[in-house]
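One structure is given here, and the rest of the page talks about it.
The values are calculated or read from the model by the stated rules, or taken from the named source; none is laboratory data. No experiment lies behind these values; they were computed from the predicted model shown. Quick reminder, even Gly has a Cβ in these numbers, built from the backbone with ideal geometry, and neighbours come from all protein chains shown.
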Amino acid sequence: ADVLVMVVDVMVGVLEQDSAIARILQRAGKPVLLVVNKVDDEKRELEIWTASSLGLGVPFPVSAIHGRGSGDVLDAVVAELPPEPEVPDTGGPDDHLFAIAIVGRPNVGKSTLFNRIVGDERSVVHDMPGTTRDTIDTVVETPEGPLRFIDTAGMRRRSRVDENAEYYSVVRALQAVDKADAALLVIDAQQGVSHQDQRLGERIDAAGTAIVIVLNKWDLIATEDRPQVLADVYDRLGFLSYAPVLKISALTGRSLKDVLPALRQAEEAYHARVPTAALNKVMRELQQKHPPPLDRKHRTRILYATQGASEPPTFTIFATRPLPPSYLRYIERSLREEFDLGPTPIKIRVRQRAS
Ligand SMILES: Nc1nc2c(ncn2[C@@H]2O[C@H](COP(=O)(O)OP(=O)(O)O)[C@@H](O)[C@H]2O)c(=O)[nH]1
Ligand SMILES: [Mg+2]
């Protein structure tokens, strides 16, 4: 703590334990404020002086239950707080850069893709210490600002050695997903979406990380097979329907120019803030178009909605009754369309309120 607040009870007075606590606090080398609680009226204020025997300075009389005197305590606490640390504007690692994890099974082309992105002669690239020990993240400067690529197992080197420890690389990939703001989920177009890819996709979704699906090795797919390959991906990753699917070849360079803009869009969506008035207008309109279904003969009404948080966008809906999952999906679809929420997961919470 930066400031210590000791509380005693005016009704009980100062006890031996209070004195013992006061002595400990005095030795802590930090500012200590003494608060005498349950001083509900002026009459009791006369009794606060007994507390000065604790040697912690002039006591503050308060009534926690009524709020009496609490403002003075708050002012005194704030006055004792240490000054805000100066934030250096240059130098030092910037942890707030939009962070991307390239994830996928061994051999899908993560390293090739990464090398392509950082090897592009137009990109300016530098390293910075990673968020976990012994890792080096890579920062790519783009015209719209820097993007940080989190060091994941097997991303930098092409050697097969580090892929042998496949378990390790999975653990590392999952850690990276949790730290990332967006994930590039790389799928081998020839192999298709495996069970492991689906599980990874679920984890990314659950972590609230934005996601761009990269269907790599597209050069190996014969033109006549392409519609079927794509349909299979949409089918097996249907739960990520909000994520864009880029058909690329890290080897030939096909459509690689789409990768950074897709990540930029993910960044924008991830940080999106929807104004409350616009949000409630859309909520009214979507209810008019399709009213919520009856819940035991009662019509559910949505009273109000607000975006409580971003990263990823999180909405709280106040409704008179619970809303069924199908209706929540309808709301999610509508919000995505109206506010261009693209490649980020969004969270919707429902709170019940009487009308
Ligand atoms: N045909 C083709 N091969 C690729 C492509 N991307 C990567 N590869 C090859 O796939 C193999 C595995 O690539 P690598 O980047 O090491 O995969 P990682 O294990 O996910 O890092 C290498 O032999 C690459 O040359 C691609 O777009 N097309
Ligand atoms: Mg690799």
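Residues are listed down the side, and each one gets a yes or a no for (1) closer than 18 Å to residue 113 by Cβ; (2) of a type outside the set (D, E, K, R):
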{"site": "212", "(1), (2)": "yes, yes"}
{"site": "239", "(1), (2)": "no, yes"}
{"site": "243", "(1), (2)": "yes, yes"}
{"site": "247", "(1), (2)": "yes, no"}
{"site": "250", "(1), (2)": "yes, yes"}
{"site": "269", "(1), (2)": "no, yes"}
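Evaluating residue 289 against the criteria (1) at pLDDT below 95; (2) loosely packed, with under 15 Cβ neighbours inside 10 Å leaves one unmet condition, (1). Only helices (runs of 4 or more DSSP H) whose full extent lies in the stretch 168-271 are considered here, and the ones with at least 2 residues that are more than 16 Å from ligand 2 (Cβ to nearest atom), under 26 Å from the mean Cα position of the chain (by Cα) and not basic (Lys, Arg) are 195-206, 259-270. Report yes if some residue within the stretch 296-311 is exposed (fewer than 13 other Cβ atoms within 10 Å of the Cβ), assigned to a helix (DSSP H, G or I) and either more than 19 Å from the chain's Cα centre (by Cα) or of a type in the set (Lys, Arg) (or both); otherwise report no. No, that holds for no residue. In the stretch 124-166, what count of residues is obtained for those that are farther than 13 Å from residue 260 by Cα, at pLDDT 85 or above and touching a helix residue (DSSP H, G or I) at 6+ places or on another chain (Cβ under 9 Å)? So the count comes out to 2. For the stretch 1-25, the set of residues classified as out of contact with any Leu (no Cβ under 7 Å at 6 or more places or on another chain) and outside any strand (DSSP E or B) consists of 1, 10, 11, 12, 13, 15, 16, 17, 20, 21, 23, 24, listed by residue number. The conditions of being buried (at least 18 other Cβ atoms within 10 Å of the Cβ) and assigned by TED's automatic domain parsing to the domain that holds residue 192 are met by residue 237. Looking only at the stretch 227-246, decide whether some residue is among the hydroxyl-bearing types (Ser, Thr, Tyr) and touching a Phe, Trp or Tyr at 6+ places or on another chain (Cβ under 9 Å). Scanning the stretch 227-246 turns up at least one residue that is among the hydroxyl-bearing types (Ser, Thr, Tyr) and touching a Phe, Trp or Tyr at 6+ places or on another chain (Cβ under 9 Å).
Just one of (1) within 16 Å of ligand 1 (Cβ to nearest atom); (2) in contact (Cβ under 8 Å) with a residue 12 or more places away in the chain fails for residue 276. It is (1). The set of residues in the stretch 334-345 being in contact with a Phe, Trp or Tyr (Cβ under 9 Å, 6 or more places away or on another chain) and either in a helix (DSSP H, G or I) or without any contact (Cβ under 8 Å) to a residue 40 or more places away in the chain (or both) consists of 335, 336.
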